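So the structure is just underneath, and the comments pick up after that.
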């Protein structure tokens, strides 16, 4: 854990809500990379580069979003497969960390610029209610073919996560938000604590500007800045969760 601005007081726990990005935060993959497996290696490399540029803040997310989906045109079956890949590639301790937070009575949710269908598959596996899951739905035509995505969602554009997190219910606040990319960092000023997660991808701007930056490849690391000592002690007293705390 690292604090970047020692003269600026950080919001302190307890937090009522814990929200997470999906790709490279809850799961170690980028879902769009899985969707590009049917493409040529040159096409895949080009789309990976676009994704990285968007996550580093070098390109507008909206431009990248449309271009990637127009090329990939995913089917419902492919989206379901990405959901399974998310689960197969969970960041260590993700399941236990979500359960521990829910045991403490926290609201746990996902705010992702990824695609809603596979993100919901992951959320269901983690026991996160659909009402707390925010991502971009893919649209299909009457024949089941790709027909675009939900353009009313703010999450396919830069600053979209700001709008979603601003609109969280009052009982989800104070809220801690964890993510790896610049589109997550954009929401720093509308959450009570922004935790940059570098356990999968270490992005220089996020590391420099996050309230707290984590390099451990375990989601349990968020329990350090996220919980009070009393809450951590409660988890230590539970055999199911005790092992999460020493590694924080």
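The values are calculated or read from the model by the stated rules, or taken from the named source; none is laboratory data. Computed from a predicted structure; not experimentally measured. Cβ coordinates were reconstructed from backbone atoms using ideal geometry, including for glycine residues, and neighbour counts include every protein chain displayed.
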Restricting region 170-182 to residues that are touching a helix residue (DSSP H, G or I) at 6+ places or on another chain (Cβ under 9 Å) and farther than 20 Å from residue 91 by Cα, the residue that is surrounded by the fewest Cβ atoms within 10 Å (Cβ to Cβ): 172
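Residue by residue, here is whether (1) part of a helix (DSSP H, G or I); (2) touching a helix residue (DSSP H, G or I) at 6+ places or on another chain (Cβ under 9 Å); (3) modelled with pLDDT under 95 holds:
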{"site": "117", "(1), (2), (3)": "yes, yes, no"}
{"site": "121", "(1), (2), (3)": "yes, yes, no"}
{"site": "131", "(1), (2), (3)": "yes, no, no"}
{"site": "135", "(1), (2), (3)": "no, yes, no"}
{"site": "142", "(1), (2), (3)": "no, no, yes"}
{"site": "158", "(1), (2), (3)": "no, yes, yes"}
If I filter region 55-70 down to residues being buried (at least 16 other Cβ atoms within 10 Å of the Cβ) and part of a helix (DSSP H, G or I), which single residue comes out as modelled with the highest pLDDT? 69
If you scan region 186-196, which residues turn out to be surrounded by fewer than 24 Cβ atoms within 10 Å (Cβ to Cβ) and either in a loop (DSSP other than H, G, I, E, B) or touching a residue at least 40 places away in the same chain (Cβ under 8 Å) (or both)? 186, 187, 192, 193
Would you mind finding the one in 230, 221, 210 that is loosely packed, with under 13 Cβ neighbours inside 10 Å and either closer than 30 Å to residue 182 by Cβ or more than 24 Å from the chain's Cα centre (by Cα) (or both)? 230
Which condition does residue 164 not pass, out of (1) touching a residue at least 24 places away in the same chain (Cβ under 8 Å); (2) outside any helix (DSSP H, G or I), if it passes all the others? (2)
Quick one: which residue in 142, 153 is more than 26 Å from residue 241 (Cβ to Cβ) and within 17 Å of the chain's Cα centre (by Cα)? 153
